[in-house]
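The values are calculated or read from the model by the stated rules, or taken from the named source; none is laboratory data. All figures in this text were calculated on a predicted structure; none of them were measured in a lab. Here Cβ is always computed from backbone atoms with ideal geometry, including for glycine, and neighbour counts include all displayed protein chains.
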Amino acid sequence: MDIAEKLELLADAAKYDVACTSSGVDRSAQKGKLGNTSAAGICHSFTADGRCVTLLKVLMSNACIYNCAYCVNRISNEGKRTTFKPRELADLTISFYRRNYIEGLFLSSGVVKSPDFTTELMIEALSILREEYGFRGYIHAKAIPGTSPELLERLGSLADRMSVNLELPSQKSLNLLAPDKSKHDILSPMAFIKQGIEEARDTRRLMQKSKRASTTYLSTRNTAMAKPAREVRQFAPAGQSTQMIIGATPESDYQILNLSSALYQTFAMKRVFFSAYLPVNQDKRLPSNNAVALDREHRLYQADWLMRFYGFDVNEVIDESNPFLDLDVDPKANWALNHLDFFPVEVNKAPYASLLRVPGIGVRGAKLIIRARKTHVLREQELRKLGIAYKRAQFFITCQGKYQGGAVAFEREALRSRLAAPIQGGRHGSRSAKITPGQMSLFDQPQAGALWGGSPVGALGSGPAALKAGAA
Ligand code: SF4
């Protein structure tokens with residue numbers, strides 16, 4: 001199989017993984033090295049269904065010895081199987097990087113032979129990238145449950161972010177749909193990664209401290225003697241994330257959000273990603289209803305956002321007696337409707353935390369209000385200028401003591417009908433429909449005379465010697 005076909009297969013097989021944002025690390029360019037992790041606007045792209053992905057998003061292999069019911073790569077499925085040679089993947093990444101197609105690499109894999117064998121392949125590819133090519137760009141590596149700690153350690157020293165997929169929200173569901181995986185095999189690497197990140201952070205702090213102390217001493221003696229400390233690669237400096245599939249098993253949003261909250265607290269997760277179950281296999285263990293719960297996924301992300309940035313506790317977002325999020329009203333509006341005694345809030349006086357509870361006022365808006373009211377009295381006009389979603393906020397605020405909600409009755413049902421709106425952000429695919437003119441997809445067939453003529457993966461038709469040498 002040639003490398004273009006491998007890439008097409010392994011990039012396509014990776015599209016179901018949504019845990020791929022590249023936030024959390026800021027590493028600048030360096031002379032003699034390639035790449036940086038600064039936001040450049042091209043480190044994300046969108047799959048055909050509108051999900052945010054980091055390019056190059058690819059699997060090391062789609063040949064898997066496991067048989068997870070929901071997975072397109074499971075052993076019982078027929079279809080072409082292939083595995084990158086480590087050098088092929090490294091050369092391909094560099095080739096795309098040099099063409100400005102990508103800012104980094106998101107690498108996952110099916111389990112080839114064993115978790116350790118697969119991780120060794122990934123480590124070899126990343127070592128070529130980091131050590132041979134001096135690649136300083138962003139790398140997200142997906143750790144495979146059951147991998148030995150020594151290999152996790154090495155993988156984490158090469159990657160910026162690591163993640164271990166939780167896959168399903170309970171051991172019972174794992175037993176049913178992913179019988180080769182266990183809670184222990186998934187949580188152990190998460191704990192190991194957390195510990196590795198903390199130790200690396202402590203070591204770095206100590207080194208910086210001792211460097212400062214020695215520089216201060218030397219500056220009083222002989223500055224020429226002060227040598228810069230050798231750069232030590234940190235362990236997964238962008239932290240770890242995880243992903244779970246929503247809707248393949250019967251767990252409620254209450255269970256999912258409580259689990260997610262525990263993951264943030266226990267393993268210092270940067271992100272917990274939710275992935276609405278996409279039916280790709282026929283299997284009697286899977287739901288017979290093939291609807292993809294994108295609205296539910298969207299509400300879970302909103303609830304997650306409230307817990308991470310708005311100071312909401314999981315018990316404020318959802319409770320056991322109503323274990324599913326309201327699909328008609330977003331979780332923040334829902335909280336407001338259930339706590340009308342908290343409102344209205346006076347925008348000219350309320351503390352930051354109270355402003356954050358107002359539907360229509362976000363983190364940025366609350367900060368702008370606090371700043372603006374030092375010099376201005378805030379009314380509708382000023383709030384609109386600050387970018388507050390006034391149409392929503394007006395029902396929950398006063399400006400200089402005057403209620404802004406007009407004639408709408410300040411009671412639950414009347415307000416609910418004003419706040420209920422179709423989910424906009426959950427329309428997966430809408431963003432992918434807006435292709436920026438001049439941008440190419442990796443798999444577009446270039447037009448005659450275009451820059452990268454030839455193969456479906458344009459770069460391969462005219463790639464550098466390194467790429468050709470690496471092709472299978
Ligand atoms: S381990 Fe399971 S989810 Fe991962 S590639 Fe293999 S079958 Fe798919």
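Only residues that are among the charged types (D, E, K, R) and within 16 Å of the ligand (Cβ to nearest atom) were counted in the stretch 126-166, giving 1.
Of all the criteria given as (1) closer than 25 Å to Ala141 by Cα; (2) modelled with pLDDT of 80 or more, the one not satisfied by Leu206 is (1).
Every condition in (1) in contact with a His (Cβ under 8 Å, 6 or more places away or on another chain); (2) modelled with pLDDT of 95 or more; (3) not hydrophobic (A, V, I, L, M, F, W, C) holds for Thr119 except the one numbered (1).
Among residues of the stretch 63-89 that are among the charged types (D, E, K, R), those with a Cβ under 7 angstrom from a residue that is more than 14 Å from the ligand (Cβ to nearest atom) and at pLDDT 95 or above, sequence gap 6+ or separate chain, pair up as Arg87/Ile128. The residues of the stretch 55-71 that are within 8 Å of the ligand (Cβ to nearest atom) and farther than 16 Å from Lys142 by Cβ, listed by number, are Ile65, Asn67, Tyr70. The condition (being within 16 Å of the ligand (Cβ to nearest atom) and not basic (Lys, Arg)) is satisfied by just one residue among Phe106, Phe96: Phe106. Scanning the stretch 112-138 for residues that are in contact (Cβ under 8 Å) with a residue 60 or more places away in the chain and assigned to a loop (DSSP other than H, G, I, E, B) yields Tyr133, Gly134, Arg136, Gly137. Out of Leu92, Leu55, Leu105, one residue alone is more than 22 Å from the chain's Cα centre (by Cα), surrounded by 18 or more Cβ atoms within 10 Å (Cβ to Cβ) and modelled with pLDDT under 95. It is Leu92.
Of all the residues in the stretch 146-192, those that are under 20 Å from the mean Cα position of the chain (by Cα) and charged (D, E, K, R) number 3. Among all positions in the stretch 311-334, there is no residue which is in contact with a strand residue (DSSP E or B) (Cβ under 6 Å, 6 or more places away or on another chain) and not small (Gly, Ala, Ser). In the stretch 171-184, the residue that is nearest to Cys64 (Cα to Cα) out of those that are within 11 Å of the ligand (Cβ to nearest atom) and charged (D, E, K, R) is Asp180. Is at least one residue of the stretch 42-51 at pLDDT below 90 and within 16 Å of the ligand (Cβ to nearest atom)? Checked the stretch 42-51: no residue is at pLDDT below 90 and within 16 Å of the ligand (Cβ to nearest atom).
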